[in-house]
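*Asks:* Before anything else, here's the structure in question.
The values are calculated or read from the model by the stated rules, or taken from the named source; none is laboratory data. Only a predicted model underlies this, so the values are computations on that prediction, with no experimental measurement involved. All Cβ positions, glycine included, derive from the backbone under ideal geometry; neighbour counts span all protein chains shown.
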Amino acid sequence: MRKTIPLPSPPSNIVAHLLLGLIPVGARQAKEGSRRFGMTSLLVALLVLGVFVFASPAMAQETNGWKDSDEGKKLIERADQILSITEGFRGIPVTYPVKKGLMIKDELKAVLLDKLGEEMTDVEINNEAKVLKQLGLMPADLDYKAFMVDLLTEQIAGFYDDDTESLYIMEDQAPALLDAVLSHELFHAIQDQRFGIKALREGGEENGDLMNARVALIEGDALAVMIDFGLHPNGTFTDIPGFEKMIRASMTLTEGLGGEKLESAPLVIREMLTFPYMDGLFFIAALKRKGGWEAVNTVYAAPPSSTEQILHPEKYEVREEPTTVRFTLPAAFVDQRRLVYDNISGELGLYLFLKSHFVEALGGSSDSARATTGWGGDRTLAYESSTGQVTVFIVSDWDSEEDAIEFANAVAEVSAFRTPDAAVRSVNGPSFSGLLREDRTQVWLERRGSEVLYIDGLAPDEAVSLSALRDEIWLTRSLD
């Protein structure tokens with residue numbers, strides 16, 4: 001008989017703090033000259049660290065001399081105790097000692113900037129920002145790099161650096177939650193020693209969707225461990241009735257508890273911050289309910305390959321793999337521009353594109369999740385002209401024609417909202433096409449069978465005609 005357990009009471013209620021944002025570990029980009037980018041890859045590049053962040057107020061204290069204080073030394077000793085407990089209930093021992101240290105905020109910011117410099121150039125960061133801005137996912141005047149570094153510096157409570165295999169504890173942490181931080185980050189050290197965090201990220205340099213899925217596995221497992229640490233020895237999180245519903249409810253209850261930067265972040269950034277942890281946790285829960293922690297351990301040998309598999313664990317179980325989508329554009333168009341983006345948006349990326357605009361227009365809509373369920377694969381390219389005009393091309397493949405129609409309908413709604421005077425034709429016929437915006441730039445949306453073509457930001461005076469672009473895309477596109 002399965003036992004049920006109550007949640008711990010505040011202030012040690014870990015579940016009530018699950019929106020305390022956790023940031024994904026990052027991935028090495030491809031070599032200079034052949035770099036590929038994924039949606040909000042700056043988040044990934046910044047976090048080659050595996051960081052845990054809080055949206056709760058920090059405890060004020062003197063930072064000068066803190067690392068040499070008795071309090072700092074006690075934190076290191078406490079980390080050893082937390083590691084022993086975590087090893088025991090998770091069933092994976094460390095094979096060699098975990099290095100530990102203390103860090104103040106100024107040092108953290110320097111580490112983030114140094115890590116970022118190794119992962120992405122300023123040109124690459126600006127390229128990503130241009131694409132996100134063209135799609136309407138962040139304000140045109142946002143300094144993307146500065147905002148993200150400030151956001152993470154404001155929020156980080158502790159991190160495991162897989163480059164140096166070291167755990168760092170940040171200054172000014174709320175004592176009631178510090179054990180949770182330590183259990184989460186120490187489990188990253190266990191993951192690294194047992195499964196190899198860097199090895200899990202292999203193959204993600206040119207596939208942002210795959211990278212997000214791998215991060216969700218890593219962070220979802222660590223969050224599950226963090227929750228179980230709070231419940232230990234009375235039970236485990238999968239014993240809690242209605243666990244997923246309760247977690248989703250707690251996310252709305254903790255809104256407004258973050259710092260200034262987190263609260264002002266565009267929706268796409270906030271959602272990308274929480275996806276690996278919330279949806280990763282639900283993915284882990286589905287596995288654990290069927291086979292315990294051993295079933296979770298087994299996944300590391302065959303990790304998920306798409307965010308679709310994270311969002312729908314049943315698709316991971318049957319190994320429903322994504323379609324590889326490829327297409328080219330006319331030489332007359334490409335030769336006059338530079339490629340600034342080439343990646344896979346995935347179900348998560350397309351969902352966030354829709355949700356960001358539906359929230360802005362309607363205050364929220366369930367259409368975003370429904371419209372992107374049935375994703376089969378995609379390819380997103382973006383080119384910039386000499387005048388700075390960015391044009392984004394997305395070709396997506398869907399499980400059925402009905403799925404493609406539903407997605408096309410949702411994109412049509414978004415485009416109509418962004419351009420109130422748009423002319424939209426029917427999307428229910430076998431072939432949908434419509435000119436949705438004709439102001440400074442054009443947007444084009446077209447469905448053929450179970451495939452959808454979306455073009456955003458085509459200059460009205462473009463020398464290469466829209467029909468030539470469409471014909472080349474449909475003629476050269478392949479689905480593998």
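*Asks:* Which of the residues that make up the stretch 86-107 are part of a helix (DSSP H, G or I) and crowded, with 18+ Cβ neighbours inside 10 Å? Let's see the steps before the verdict.
*Replies:* The initial filter retains those residues of the stretch 86-107 that are part of a helix (DSSP H, G or I), namely 86-90, 105-107.
THR86, ARG90, listed by residue number.
*Asks:* Which of the numbered conditions does TYR144 fail, given that it passes all the others? Conditions: (1) surrounded by 22 or more Cβ atoms within 10 Å (Cβ to Cβ); (2) among the aromatic types (Phe, Trp, Tyr); (3) under 30 Å from VAL443 (Cβ atoms).
*Replies:* Tallying (1) surrounded by 22 or more Cβ atoms within 10 Å (Cβ to Cβ); (2) among the aromatic types (Phe, Trp, Tyr); (3) under 30 Å from VAL443 (Cβ atoms), TYR144 fails exactly one: (1).
*Asks:* Further question on the same structure: Write out, first by first residue and then by second, each pair whose Cβ atoms fall under 6 Å of each other, whose residues are 6+ apart or on separate chains, and whose first residue, in the stretch 328-352, is closer than 24 Å to MET120 by Cα while the second is modelled with pLDDT of 95 or more and in a helix (DSSP H, G or I).
*Replies:* Here the result reads GLY346/THR307; LEU348/THR307; LEU350/THR372, each pair linking the stretch 328-352 to a residue that is modelled with pLDDT of 95 or more and in a helix (DSSP H, G or I).
*Asks:* A further question follows. Here are some conditions: (1) in a helix (DSSP H, G or I); (2) within 21 Å of GLY449 (Cα to Cα). ARG289 meets all but one. Which one does it not meet?
*Replies:* (2)
*Asks:* Related question: With ALA189, ALA216 as the choices, which residue is modelled with pLDDT of 85 or more, crowded, with 22+ Cβ neighbours inside 10 Å, small (Gly, Ala, Ser) and more than 19 Å from the chain's Cα centre (by Cα)? Talk me through it step by step, then tell me what you get.
*Replies:* Numbers: ALA216 fails: more than 19 Å from the chain's Cα centre (by Cα).
Only one candidate passes the filter, namely ALA189.
*Asks:* Collect the residues in the stretch 295-313 that are touching a residue at least 24 places away in the same chain (Cβ under 8 Å) and either outside the structural domain of ARG214 (by TED's automatic domain parsing) or in a helix (DSSP H, G or I) (or both), keeping them in residue-number order. Steps first, answer last, please.
*Replies:* As a first pass, look at the stretch 295-313 and keep what is touching a residue at least 24 places away in the same chain (Cβ under 8 Å): 296-297, 299-300, 303-313.
VAL296, ASN297, VAL299, THR307, GLU308, GLN309, ILE310, LEU311, PRO313, listed by residue number.
*Asks:* Taking into account only those residues within the stretch 114-137 that are under 30 Å from VAL411 (Cα atoms) and at pLDDT below 85, which is surrounded by the most Cβ atoms within 10 Å (Cβ to Cβ)?
*Replies:* Selected residue: ILE125.
*Asks:* Report yes if some residue within the stretch 153-160 is crowded, with 19+ Cβ neighbours inside 10 Å, of a type outside the set (Ser, Thr, Tyr), assigned by TED's automatic domain parsing to the domain that holds ARG214 and in contact with a Pro (Cβ under 6 Å, 6 or more places away or on another chain); otherwise report no.
*Replies:* No, there is no match, as no residue in the stretch 153-160 is crowded, with 19+ Cβ neighbours inside 10 Å, of a type outside the set (Ser, Thr, Tyr), assigned by TED's automatic domain parsing to the domain that holds ARG214 and in contact with a Pro (Cβ under 6 Å, 6 or more places away or on another chain).
*Asks:* Residue check: is LYS99 farther than 18 Å from ASP179 by Cβ, assigned by TED's automatic domain parsing to the domain that holds GLY291 and modelled with pLDDT under 80?
*Replies:* On the way: farther than 18 Å from ASP179 by Cβ: yes; assigned by TED's automatic domain parsing to the domain that holds GLY291: yes; modelled with pLDDT under 80: no.
No, not satisfied.
*Asks:* State all residues of the stretch 394-413 that are of a type in the set (S, T, N, Q) and out of contact with any strand residue (DSSP E or B) (no Cβ under 8 Å at 6 or more places or on another chain); if no residue qualifies, say none. Write out each step before concluding.
*Replies:* If we filter the stretch 394-413 for residues that are of a type in the set (S, T, N, Q), which is where we start, we get 396, 400, 409.
Hits for the stretch 394-413 are SER400, ASN409.
*Asks:* For ALA110, only one of the following conditions fails: (1) surrounded by 14 or more Cβ atoms within 10 Å (Cβ to Cβ); (2) of a type outside the set (Lys, Arg); (3) part of a helix (DSSP H, G or I). What is its number?
*Replies:* Unmet condition: (1).
*Asks:* Same structure, new question: Out of VAL53, VAL48, VAL111, VAL44, I need the residue that is of a type in the set (A, V, I, L, M, F, W, C), in contact with a Lys or Arg (Cβ under 6 Å, 6 or more places away or on another chain) and modelled with pLDDT under 85. Which one?
*Replies:* VAL48
*Asks:* On to the next question. Take the stretch 233-247 and flag every residue that is free of Cβ contacts under 8 Å to residues at least 60 places away in the same chain, among the charged types (D, E, K, R) and within 17 Å of ASP221 (Cα to Cα).
*Replies:* Matches in the stretch 233-247: GLU244 only.
*Asks:* Check GLY208 against each of (1) modelled with pLDDT of 90 or more; (2) closer than 27 Å to GLY349 by Cα and name the one condition it does not meet.
*Replies:* Of (1) modelled with pLDDT of 90 or more; (2) closer than 27 Å to GLY349 by Cα, only one is false for GLY208: (1).
*Asks:* Among the candidates ILE85, ILE156, ILE104, single out the residue that is over 30 Å from GLU263 (Cβ atoms) and not polar (S, T, N, Q). Write out each step before concluding.
*Replies:* Numbers: ILE156 fails: over 30 Å from GLU263 (Cβ atoms); ILE104 fails: over 30 Å from GLU263 (Cβ atoms).
Of the residues listed, the single one that is over 30 Å from GLU263 (Cβ atoms) and not polar (S, T, N, Q) is ILE85.
*Asks:* Can you tell me which residues in the stretch 438-480 are crowded, with 18+ Cβ neighbours inside 10 Å and either without any contact (Cβ under 8 Å) to a residue 40 or more places away in the chain or not assigned by TED's automatic domain parsing to the domain that holds ALA404 (or both)?
*Replies:* If the condition is that a residue be crowded, with 18+ Cβ neighbours inside 10 Å and either without any contact (Cβ under 8 Å) to a residue 40 or more places away in the chain or not assigned by TED's automatic domain parsing to the domain that holds ALA404 (or both), then GLN442, VAL443, TRP444, LEU445, GLU446 are the ones that fit.
*Asks:* While we're on this one: Return the total of residues in the stretch 67-98 being among the charged types (D, E, K, R) and under 28 Å from the mean Cα position of the chain (by Cα). I'd like the intermediate steps shown before the answer.
*Replies:* Narrowing the stretch 67-98 to residues among the charged types (D, E, K, R): 67-68, 70-71, 73-74, 77-78, 80, 87, 90.
Pick out the ones that are also under 28 Å from the mean Cα position of the chain (by Cα) and you get 87, 90.
Total meeting the criteria: 2.
*Asks:* Please go through the stretch 314-326 and give me each residue that is surrounded by fewer than 17 Cβ atoms within 10 Å (Cβ to Cβ), of a type outside the set (D, E, K, R) and in contact (Cβ under 8 Å) with a residue 12 or more places away in the chain, ordered by number.
*Replies:* Just the residues of the stretch 314-326 that are surrounded by fewer than 17 Cβ atoms within 10 Å (Cβ to Cβ), to begin with: 314, 317-321, 324, 326.
Subset that is of a type outside the set (D, E, K, R): 318, 324.
Scanning the stretch 314-326 gives a single hit, THR324.
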